[in-house]
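The structure appears below as structure tokens.
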Amino acid sequence: LTLVYLRGLFVDIYGVDATQYASISLEMLTTGEWLEVHHRGEDYLDKPPLHFWLSALSFKILGVSNFAYKLPSFLITILGAYSTYRLGRLWYGREAGRTAALILYSSLGIMLINQDVRTDTIMIGLIAFSCWQLVAFQQSGKWMNLIGAFVGMGLAMLTKGPLGLVLPAAALFTDAALKRDWKSLFRWEWLVGIGIIGVILF
């Protein structure tokens, strides 16, 4: 599967969104305007900036190419698959974690959005990471897991807006509802997490 993904890194980008986002990333690199997103000199307000920052940074390090544009999304897809493995392992054991990660990694939809690269590719990986870290925090109480969860959510919001917060929060709520563990939803530590998201968005 990884060989398929790696081969795809060298295929020409296609699709309206992917070509537009690559153009925006290149414009960001060439103009040096990292804090304002432009498309053909005009303000681009449709999407938050993280995808463009990562692609422009990849262009800066590796040169302008299909490979450089797609690489950040592929790396975050690997993070998402690993996070899915760890999340499944926490809840149901090692074999379930492996199966869940394999289902995600072999999904045709995930493979396609690694070719027609758009903001969803990065959002999915970051949300999987956030959910893993949230569950790990619920089980261990470790601050590093709390910080990881809310850093992931903040970065997901910088990729796709409010969905980056809503989807992990919905997963947390659903887990609490299924276990009838309503106390887990009312923890003062969540306020610290909201502060972390605020810092990232600022």
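General observations
- The one condition in (1) closer than 28 Å to Thr174 by Cα; (2) small (Gly, Ala, Ser); (3) under 14 Å from the mean Cα position of the chain (by Cα) that Ala101 fails to fulfil: (3)
- The number of residues in region 155-172 that are open to solvent by less than 50 Å² (accessible area, probe 1.4 Å), farther than 13 Å from Ala128 by Cα and in a helix (DSSP H, G or I) comes to 3.
- Asp175 meets the conditions (1) farther than 30 Å from Leu6 by Cβ; (2) in a loop (DSSP other than H, G, I, E, B); (3) among the acidic types (Asp, Glu) in every case but one. The failed one is (2).
- Considering the conditions (1) among the charged types (D, E, K, R); (2) assigned to a helix (DSSP H, G or I); (3) loosely packed, with under 12 Cβ neighbours inside 10 Å, Glu36 is excluded by exactly one of them, (2).
So that you can scan it fast, the table gives a plain yes or no per residue for (1) open to solvent by 60 Å² or more (accessible area, probe 1.4 Å); (2) modelled with pLDDT of 95 or more; (3) within 25 Å of Arg89 (Cβ to Cβ); (4) acidic (Asp, Glu):
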{"residue": "Ser130", "(1), (2), (3), (4)": "no, yes, yes, no"}
{"residue": "Lys142", "(1), (2), (3), (4)": "yes, no, yes, no"}
{"residue": "Lys183", "(1), (2), (3), (4)": "yes, no, yes, no"}
{"residue": "Arg187", "(1), (2), (3), (4)": "yes, no, yes, no"}
{"residue": "Gly195", "(1), (2), (3), (4)": "no, yes, no, no"}
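- Checked against (1) open to solvent by 40 Å² or more (accessible area, probe 1.4 Å); (2) more than 21 Å from Leu112 (Cα to Cα); (3) at pLDDT 90 or above; (4) not hydrophobic (A, V, I, L, M, F, W, C), Glu27 meets all criteria but (1).
- A count restricted to region 39-58 and to residues that are loosely packed, with under 11 Cβ neighbours inside 10 Å and of a type outside the set (D, E, K, R) stands at 2.
- Single match in Ile76, Ile61, Ile103 (criterion: modelled with pLDDT of 95 or more, assigned to a helix (DSSP H, G or I) and surrounded by fewer than 13 Cβ atoms within 10 Å (Cβ to Cβ)): Ile61
- Residues of region 122-143 classified as among the β-branched types (Val, Ile, Thr) and in contact with a Pro (Cβ under 9 Å, 6 or more places away or on another chain), total: 2
- Total residues in region 152-171, condition within 17 Å of Ala136 (Cβ to Cβ) and of a type outside the set (A, V, I, L, M): 2
The values are calculated or read from the model by the stated rules, or taken from the named source; none is laboratory data. All of these numbers come straight from a predicted model, not from anything done at the bench. Cβ atoms come from the backbone with ideal geometry, glycine included; neighbour counts cover every protein chain shown. Ligands, DNA and RNA are excluded from the accessible area calculation, which covers all protein heavy atoms including side chains. Shrake-Rupley method; radii C 1.70, N 1.55, O 1.52, S 1.80 Å.
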